[in-house]
Structure formats: C-alpha cells, structure tokens
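To start, the structure itself, in structure tokens.
The values are calculated or read from the model by the stated rules, or taken from the named source; none is laboratory data. Here the structure is a predicted model, which means the values were calculated and not measured. Backbone-built Cβ (ideal geometry, glycine too); neighbour counts: all protein chains shown.
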Amino acid sequence: MKKLTGIILKLLVLAVVCGPRMVFAQADDNTKAVQLATERDVKSEGGFQRWMVEKPRGLYNNTSFAIVSERGNLFSGMQTIFGYKFNPHLGVGGGVGIERFNNLPTYSYYTGNFTLMPVFAEVRYTVLKTRFTPVIALQGGYKWLINTPTTQMDEWMEWVYPPIAWNYFYNYDTYTRGGMFAALEIGVNARVYRRFGLYASVSYSIWSVSGTNHYWVYQATEMSPGDVSAIATEYTQDVLAYQSIFLFRLGFTF
C-alpha cells in the first residue's frame, strides 16, 4: 500500500512539473502546423492571384489615348506600353502607338498633315505607394512616318518687263521620313480595383521629320496678245523640320 501511494505521489509531481511543458510543446507544434498550412494556401493561389493584388514587382501595362493637343487636335492617337516593375516605384518598358496630326507646323508658316507610328522605350517612376499617386515617365525612340505629307504651297508673281515678261514662283515641302523623338510625361494614377487604375497625364514630345523642299520658277513671256510661253525650272534641296507638341492623355493601367 505504501509503495502504491509513493508511486501515485511521484506521478502527480511529474504531472505538475512537466505537464505545462508538454502542453506548450504541443501548442508550438500546432502553431507551426497552422503556419505551414497557411503558407501552402498562399502559394497555392498562384502567381496570377498574387499579381492581381498590386504586387510591388512584376509586369505592368499603361494604355492611353491622346484626347486633345495644344493646337486643338482631337483624338489624335493612342499608345500602349508593357514593362516590368522592379519595385513599387521604378519600372522599365517599351511601347508602340499611332498618331495623326492635322495642320502641324514644320518650319516658317508651312503646315502639313502627319500620320506617325512611335516605337519607344521608357522609364516610369511611381512616386507613392498609395491609391492615388503622381507618375513621371521618360520616353525615347523613333517616329515612323506612315504617310508622305506635302505642306501647303506658297506662290507669288514678280514682273520682269511689264506687261510682257513676268515670273511665277511656287514653294512647298514633301516629307518622306520620320526621326528620333523624346518625350516627358507627368500624370496621376488612381487605382480603382486591385491593380486596375485610371490614368491621366500631360506629355510633351519633340521629334524631327525630313524630306525635300521644292522651289519652282515659271518664266513667262507674252510677245503678242494671247501668245504666252513659259519655261519651268525646279530646284530641290533636303529639308529637316523639328516639331513639338503637348498632349493631354486619358487611359488605364494594370
């Protein structure tokens, strides 16, 4: 009987001393198991699910439409950009677009109608990690000239020997090639659902086009009434025109 009582007392002491450790050990094991299960659940959501919840890194897209220009050109084009965000702020990408400008000045007072396709690279910086954030982008590339525009023609007349001899002059430009361009874009992005946001910006770009200047001289004479003869001479030279424009853009990002 005394032996049995001694054994029971020893068991009670062990339970009091070691019991909490065993409970805590068991609790620690359960906590680790829950953590591992949670990590497995997060990983099982897949890359697309994690990308949808505004990943600090990953692919991005910015698509915008040129609503109006400083010269009143309405809906003059669009562009789309794909890139990679290295962190919540810095992204690098490339894009392509299409532009159509009417009565765009070239040099002096000549204007032309241009259709251009810009192909470019960009560096994009998102200032804040909030729902509304300023955005700054630098772009550079080449604007391909899709059409072959001709400017308006300038013409005038000068008398040589009134009223029997005079000269007609005609002057205009024809553009056949685009050129390199650079652009600065400042805007704001408003995230409305997960990664998807609305985007508004103002961009300023400068580029060049090149072609040929045509200068015609018609030397006319009228030795007898109604008998007019003329000699036409054309002079040509290469011409390079720099152009620039402000555009207000609206679009979306994801």
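Inspect the stretch 205-223 for any residue being in a strand (DSSP E or B), modelled with pLDDT under 95 and loosely packed, with under 13 Cβ neighbours inside 10 Å and give the result as yes or no.
Yes; the residues of the stretch 205-223 include at least one that is in a strand (DSSP E or B), modelled with pLDDT under 95 and loosely packed, with under 13 Cβ neighbours inside 10 Å.
Residues that are surrounded by 16 or more Cβ atoms within 10 Å (Cβ to Cβ), at least 1 per element: which strands (runs of 3 or more DSSP E) completely within the stretch 92-166 meet that?
Ranges flagged: 111-126, 132-145.
Checking Arg249 against (1) closer than 26 Å to Asn73 by Cα; (2) modelled with pLDDT under 95, which test does it fail?
Here Arg249 meets the rest and fails (2).
Looking at the structure I just gave you, is Glu45 closer than 30 Å to Gly141 by Cβ, loosely packed, with under 15 Cβ neighbours inside 10 Å and either at pLDDT 55 or above or not polar (S, T, N, Q) (or both)?
Values: closer than 30 Å to Gly141 by Cβ: no; loosely packed, with under 15 Cβ neighbours inside 10 Å: yes; either at pLDDT 55 or above or not polar (S, T, N, Q) (or both): yes.
When the stated conditions are applied, Glu45 does not pass them.
Conditions: (1) surrounded by fewer than 19 Cβ atoms within 10 Å (Cβ to Cβ); (2) farther than 19 Å from Val119 by Cα. Gly197 meets all but one. Number of the miss?
The number of the failed condition is (1).
Looking at Ala241, Ala230 in this structure, which one is assigned by TED's automatic domain parsing to the domain that holds Leu116 and surrounded by 14 or more Cβ atoms within 10 Å (Cβ to Cβ)?
The match here is Ala241.
Is it the case that Ile164 is over 42 Å from the mean Cα position of the chain (by Cα), on the phi < 0 side of the Ramachandran plot and not polar (S, T, N, Q)? Break it down into steps so the answer makes sense when it comes.
Values: over 42 Å from the mean Cα position of the chain (by Cα): yes; on the phi < 0 side of the Ramachandran plot: yes; not polar (S, T, N, Q): yes.
Yes; evaluated as a whole, the condition is true for this residue.
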